[in-house]
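The structure's right below; bear with me while I get my questions together.
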Amino acid sequence: MTRALSHPAFRFAPSPNGYLHLGHAFSALENERLARASGGRLFLRIEDIDKDRCRPEYERAIIEELRWLGIPFDPEIRRQSHHLADYAQALVRLERKGILYPCFCSRSDIVQRVREKPDWPRDPDGSPLYPGICRHMSREQRQKRLAAGDTPAYRIDIERATALVGGGVSWLDYGSGSEGRLVTADPRKWGDTILARRDIGTSYHIAVVVDDASQGITDIVRGEDLFHATSLHRLLQSLLDLPGPVYHHHALLRDGAGQKLSKSLRAKSLRSLREEGLTPEMVRTRLVPAPSMVTELQNV
């Protein structure tokens, strides 16, 4: 299966909640490689909606390190924190379709409900699926909670939402190659997931589909750890009448123990590797066109 490209647009979209590591560098270079091969544009998006974790110094470091790598991004940088009204508008559209509902549950409420059910289904990230506690709340109960000043999150009613799209949705996935395969989306794996957090009024899932449409992104190049999220994103794109990009879910860089490089596992940052003598040429030589010798790069 092949396709003809027309005005392709790619994006690299890090969150400024820490410094970039080699896994980020690989994904950015994959975006650059595919954009260059197709004659497309490459955008930088800063996904900074989580104000508790995102910091200006991390954003500055991201931009500096991408320039250090020599990746030619479009001059216009999109910052999610500047587009909260766009995400709110998308949520209103979903609410009007009758597929959003307020949820007043805490994490402990959910854990307590499923604690004695070891076989309770979990989503692709390993969290227990929401047991529907607030889905069955009456209109009067919801209004009472809202009037009392309780701030809810908003969840998607996944059964109603999937029923609205009828025959289902799919996407074309190229992995890291040139031959695509058609993947049937399975958003039910996520259950009634949160689309608007109570603290920030939106979520990654809503923001990313709105951003991709607003920027005219045709090709989404990201790690295979987000493969399952694409099912939910394709559902939202369909519900919001947004175009469906093609996807390239590439392999993840892993350390010597087989763990993916991540901020949470304290993967060595590009910043520290640069201080130890890493050069852009070393990164490009080892990571393009395929990742190799990652352990050696982390121990320059």
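List the residue pairs whose Cβ atoms are under 7 Å apart, where the first residue sits in segment 100-115 and is closer than 11 Å to TYR130 by Cα, the second is surrounded by fewer than 16 Cβ atoms within 10 Å (Cβ to Cβ), and the two are 6 or more positions apart or on different chains.
Correct list of pairs: CYS105/ILE133; ASP109/ILE133; ARG113/ILE133; VAL114/TRP120.
Looking only at residues that are outside any helix (DSSP H, G or I) and out of contact with any helix residue (DSSP H, G or I) (no Cβ under 8 Å at 6 or more places or on another chain) in segment 155-172, which one is nearest to PHE104 (Cα to Cα)?
ARG155
Considering only segment 5-19, I want to know if a residue exists there that is in contact with an Asp or Glu (Cβ under 7 Å, 6 or more places away or on another chain), buried (at least 17 other Cβ atoms within 10 Å of the Cβ) and among the aromatic types (Phe, Trp, Tyr).
Yes, because at least one residue in segment 5-19 is in contact with an Asp or Glu (Cβ under 7 Å, 6 or more places away or on another chain), buried (at least 17 other Cβ atoms within 10 Å of the Cβ) and among the aromatic types (Phe, Trp, Tyr).
Is it the case that some residue within segment 70-80 is touching a residue at least 60 places away in the same chain (Cβ under 8 Å), assigned to a loop (DSSP other than H, G, I, E, B) and either touching a Phe, Trp or Tyr at 6+ places or on another chain (Cβ under 8 Å) or exposed (fewer than 12 other Cβ atoms within 10 Å of the Cβ) (or both)? I'd like the intermediate steps shown before the answer.
Initial filter on segment 70-80 (touching a residue at least 60 places away in the same chain (Cβ under 8 Å)): 70, 73, 78, 80.
Next cut, assigned to a loop (DSSP other than H, G, I, E, B) only: 70, 73.
Now drop any that are not either touching a Phe, Trp or Tyr at 6+ places or on another chain (Cβ under 8 Å) or exposed (fewer than 12 other Cβ atoms within 10 Å of the Cβ) (or both), which leaves 73.
Scanning segment 70-80 turns up at least one residue that is touching a residue at least 60 places away in the same chain (Cβ under 8 Å), assigned to a loop (DSSP other than H, G, I, E, B) and either touching a Phe, Trp or Tyr at 6+ places or on another chain (Cβ under 8 Å) or exposed (fewer than 12 other Cβ atoms within 10 Å of the Cβ) (or both).
Select from segment 1-60 the residues that are β-branched (Val, Ile, Thr) and farther than 18 Å from TYR87 by Cβ and list them in ascending order. Walk me through how you get there before you give the answer.
So the first thing to find is which residues in segment 1-60 are β-branched (Val, Ile, Thr), and the list is 2, 46, 49.
Correct list: THR2 only.
Cβ-Cβ distance below 8 Å, separation of 6 or more or different chains: which pairs start in segment 19-41 with a residue that is more than 17 Å from HIS249 (Cβ to Cβ) and end on one that is of a type in the set (Gly, Ala, Ser) and in a strand (DSSP E or B)?
Pairs that qualify, where the first residue is more than 17 Å from HIS249 (Cβ to Cβ) and the partner is of a type in the set (Gly, Ala, Ser) and in a strand (DSSP E or B), are TYR19/SER269; LEU20/SER269; HIS21/SER269; GLY40/ALA9; ARG41/ALA9.
Here's the yes/no breakdown for (1) under 27 Å from ASP173 (Cβ atoms); (2) of a type in the set (Val, Ile, Thr); (3) under 21 Å from the mean Cα position of the chain (by Cα):
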{"residue": "HIS7", "(1), (2), (3)": "yes, no, no"}
{"residue": "GLY23", "(1), (2), (3)": "yes, no, yes"}
{"residue": "GLY40", "(1), (2), (3)": "yes, no, no"}
{"residue": "PHE43", "(1), (2), (3)": "yes, no, yes"}
{"residue": "ASP48", "(1), (2), (3)": "no, no, yes"}
{"residue": "ARG55", "(1), (2), (3)": "no, no, yes"}
{"residue": "PHE73", "(1), (2), (3)": "yes, no, yes"}
{"residue": "GLN80", "(1), (2), (3)": "yes, no, yes"}
{"residue": "ILE99", "(1), (2), (3)": "yes, yes, no"}
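From the list LEU66, LEU44, which one is assigned to a strand (DSSP E or B) and either crowded, with 16+ Cβ neighbours inside 10 Å or of a type in the set (D, E, K, R) (or both)? Don't jump to the end; show me each part of the working.
Values: LEU66 fails: assigned to a strand (DSSP E or B).
Exactly one of LEU66, LEU44 is assigned to a strand (DSSP E or B) and either crowded, with 16+ Cβ neighbours inside 10 Å or of a type in the set (D, E, K, R) (or both), namely LEU44.
Looking at ASP150, is it surrounded by 12 or more Cβ atoms within 10 Å (Cβ to Cβ) and within 16 Å of ARG234 (Cα to Cα)?
Values: surrounded by 12 or more Cβ atoms within 10 Å (Cβ to Cβ): yes; within 16 Å of ARG234 (Cα to Cα): no.
For ASP150, the condition - surrounded by 12 or more Cβ atoms within 10 Å (Cβ to Cβ) and within 16 Å of ARG234 (Cα to Cα) - is not met.
Does at least one position in segment 217-231 carry a residue that is part of a helix (DSSP H, G or I), under 29 Å from ARG107 (Cα atoms) and among the aliphatic types (A, V, I, L, M)? If you could, list the steps in order and put the result at the bottom.
Taking segment 217-231 as the starting set, the residues that turn out to be part of a helix (DSSP H, G or I) are 224-226, 229-231.
With the extra rule that they be under 29 Å from ARG107 (Cα atoms), the set shrinks to 224-226, 229-231.
Then drop every residue that is not among the aliphatic types (A, V, I, L, M), which leaves 226, 229.
Yes.
Please go through segment 42-56 and pick out each residue that is touching a residue at least 40 places away in the same chain (Cβ under 8 Å), under 20 Å from GLU76 (Cα atoms) and of a type outside the set (Val, Ile, Thr).
PHE43, ARG45, GLU47, PRO56
Which residue, of SER138, SER106, SER127, SER81, is of a type in the set (Ser, Thr, Tyr) and at pLDDT 95 or above?
Values: SER138 fails: at pLDDT 95 or above; SER106 fails: at pLDDT 95 or above; SER127 fails: at pLDDT 95 or above.
Matching residue, one of SER138, SER106, SER127, SER81: SER81.
Output the residue which, of all residues in segment 181-218 that are closer than 16 Å to VAL169 by Cα and out of contact with any helix residue (DSSP H, G or I) (no Cβ under 7 Å at 6 or more places or on another chain), is surrounded by the most Cβ atoms within 10 Å (Cβ to Cβ).
Narrowing segment 181-218 to residues closer than 16 Å to VAL169 by Cα: 181-190, 209.
With the extra rule that they be out of contact with any helix residue (DSSP H, G or I) (no Cβ under 7 Å at 6 or more places or on another chain), the set shrinks to 181-184.
Details: ARG181: 11, LEU182: 9, VAL183: 17, THR184: 10.
The residue in question is VAL183.
The values are calculated or read from the model by the stated rules, or taken from the named source; none is laboratory data. Small disclaimer: the values here were computed from a predicted structure and weren't measured. We place every Cβ from the backbone using ideal geometry, glycine too, and count neighbours over all the protein chains shown.
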